[in-house]
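What follows is a set of notes on a single structure, which appears directly below.
The values are calculated or read from the model by the stated rules, or taken from the named source; none is laboratory data. Since the structure is predicted, the reported quantities are computational estimates derived from the model, not experimental observations. Positions of Cβ are generated from backbone atoms using ideal geometry, with glycine treated the same way; all protein chains shown enter the neighbour counts.
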Amino acid sequence: MILVDTSVWIDFFNGRVTAETDALDIFLGREPVLVGDLILTEILQGFRRDTDYRKARSLLDTLELRMLGGRQIALAAADHYRALRRRGVTPRKTIDMLIGTYCLVHGLELLHADRDFDVLEKELGLKVARM
């Protein structure tokens, strides 16, 4: 199972061809793709036109939804953030810490196009989906 970050979905819905959107195209037909509640919100709030919103929502509604927060993930994300700070790295976005931590705790791969996750991969062992 693969969790897909907002960064990839934005490119996907905007018709940008990248290694990550190509991978998403392949994964959508081949294995379970997950969407997180926080990611779902980030994606859908970006649509200006109702028709685009409805099309995106229709596709996203077919995917398994995961709740990315909760006490366990919040505490683990805080621990990860503090560990990274001790190593001299300051993560920029709390939501990315929650998303990355969810993947770490549940052993999921993350498909992303956001350099903020690179440090989680390098320092904490986040599994990143690649083709």
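Take the conditions (1) of a type in the set (Gly, Ala, Ser); (2) more than 23 Å from Met67 (Cα to Cα); (3) part of a helix (DSSP H, G or I); Gly100 misses just one of them, which is (2).
Residues of region 80-131 that are in contact (Cβ under 8 Å) with a residue 40 or more places away in the chain, of a type in the set (A, V, I, L, M, F, W, C) and either in contact with a strand residue (DSSP E or B) (Cβ under 9 Å, 6 or more places away or on another chain) or under 17 Å from Trp9 (Cα atoms) (or both): Ile95, Leu98, Ile99, Cys103, Leu108, Leu110, Leu111, Ala113, Phe117, Leu120, Ala129, Met131. Counting the residues of region 22-79 that are over 16 Å from Val4 (Cα atoms) and of a type in the set (Ser, Thr, Tyr) gives 3.
Quick one: would you say Thr6 is surrounded by 15 or more Cβ atoms within 10 Å (Cβ to Cβ), farther than 22 Å from Gly125 by Cα, among the polar types (S, T, N, Q) and in contact with a Gly (Cβ under 9 Å, 6 or more places away or on another chain)? Judged against the criteria, Thr6 is not a match.
Quick one: in region 39-89, of everything that is in a loop (DSSP other than H, G, I, E, B) and in contact with a helix residue (DSSP H, G or I) (Cβ under 7 Å, 6 or more places away or on another chain), which residue is farthest from Phe117 (Cα to Cα)? So the residue we want is Phe47. Checked against the criterion of being among the small types (Gly, Ala, Ser), exposed (fewer than 15 other Cβ atoms within 10 Å of the Cβ) and either more than 21 Å from Ala129 (Cα to Cα) or in contact with an Asp or Glu (Cβ under 7 Å, 6 or more places away or on another chain) (or both), region 45-66 has at least one qualifying residue. Across region 9-42, what is the number of residues that are farther than 17 Å from Gly69 by Cβ and surrounded by 15 or more Cβ atoms within 10 Å (Cβ to Cβ)? The number of residues fulfilling the criteria is 12. Of all the numbered requirements in (1) assigned to a loop (DSSP other than H, G, I, E, B); (2) over 19 Å from Met131 (Cβ atoms); (3) modelled with pLDDT of 95 or more; (4) among the aliphatic types (A, V, I, L, M), Ala113 misses one, and that requirement is (2).
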